[in-house]
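Here's the structure, in structure tokens; my notes come after.
The values are calculated or read from the model by the stated rules, or taken from the named source; none is laboratory data. These figures come from a predicted structure and were not determined experimentally. When we count neighbours, we look across all protein chains shown, and the Cβ atoms used for this are built from the backbone with ideal geometry, even at glycine. Note: areas computed on protein heavy atoms with side chains; ligands, DNA, RNA excluded. Shrake-Rupley method; radii C 1.70, N 1.55, O 1.52, S 1.80 Å.
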Amino acid sequence: MARVPIFASKFIVLLLLSSFATILVTGDEDHEFVRRLDRKLLGLKKEKLSHFKLYWHDILTGPNPSAIQVVPPPSNTSRTAFGLVRMIDNPLTLGPEMSSKMVGRAQGFYAQASQEDIGLLMAMNFAFIEGKYNGSTITVLGKNSVLSTVREMPVIGGSGLFRFARGYVQARTQKFDVATGDATVEYNVYVFHY
């Protein structure tokens, strides 16, 4: 007689678990906050691949620096300044000279994220101010090993004409002033967008 209630309780538990599993598997379609969309409803047409060549000017000195230190490295830090954080509002130009046409600004921050080498965590938006891209942004987030000749970082999104953007950037240092820390970096941006 004692075996029947034990069997019945195990059966009920098993039935409840299988019902819960069924809800988890089919639940997405029943929620009011999730639905499938046709890309045309968002104005998304054919995806295209674009290439932008820009020059990023990191200015640490002078009366109007474009990069300022917001978190200094700890006093007992490694030789790499691990922990340092700089906020940036760097000009993006068409040529390597600061006098060339400015087409946007790189806004965000970079942080020294490696204790072993000069490896920066870059988090920035390329905010365009010219032509049909005015007001649109491309978002870059990744590791920048600045001593490497070519560095690659992912494009993780964007806004405006770059909604749903994906791709990568390649960075190459064009000029670096050891005394001031000022730098000019060529960015080749390869981005899929609609």
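Accessible surface for the range 131-190, divided over its residues, is 52 Å² per residue with a 1.4 Å probe.
Note that the range 162-167 has calculated 3J(HN,Hα) couplings of 10, 4, 6, 5, 8, x Hz, one per residue in order, obtained from phi through the Karplus relation 6.51 cos²θ - 1.76 cosθ + 1.60 (θ = phi - 60°); glycine and proline are x.
Measuring nothing but alpha carbons in the range 83-167 and taking Rh as the Kirkwood radius, the Rg to Rh ratio lands at 1.00.
Going from most exposed to least, what order do VAL85, VAL140 have by accessible area with a 1.4 Å probe?
VAL85, VAL140
Choose one of SER148, LEU120, TYR133: the residue whose Cα lies farthest towards the positive end of the charge dipole of the range 96-194 (beta-carbon charges +1 Lys, Arg; -1 Asp, Glu; about the Cα centre). Towards the positive end, the residue furthest out is TYR133. In the range 97-191, the portion of solvent-accessible area held by carbon and sulfur atoms comes to 54 percent [1.4 Å probe, whole percent, DNA, RNA and ligands not counted]. Database remark: amide H of GLY104 closer than 5 angstrom to the amide H of LEU92, ILE129 (H placed geometrically; neighbours at sequence offset of 5 or more, or on other chains; Pro and chain starts carry no H).
Under 22 Å between alpha carbons, and skipping anything fewer than 8 positions from LYS175 in its own chain: which lysines qualify? Of all the lysines, those that pass the test against LYS175 - Cα under 22 Å, at least 8 places apart if same chain - are LYS53, LYS101, LYS143.
Note on the range 24-161: Rg/Rh from Cα positions, Kirkwood definition for Rh, rounded to two decimals, is 1.09.
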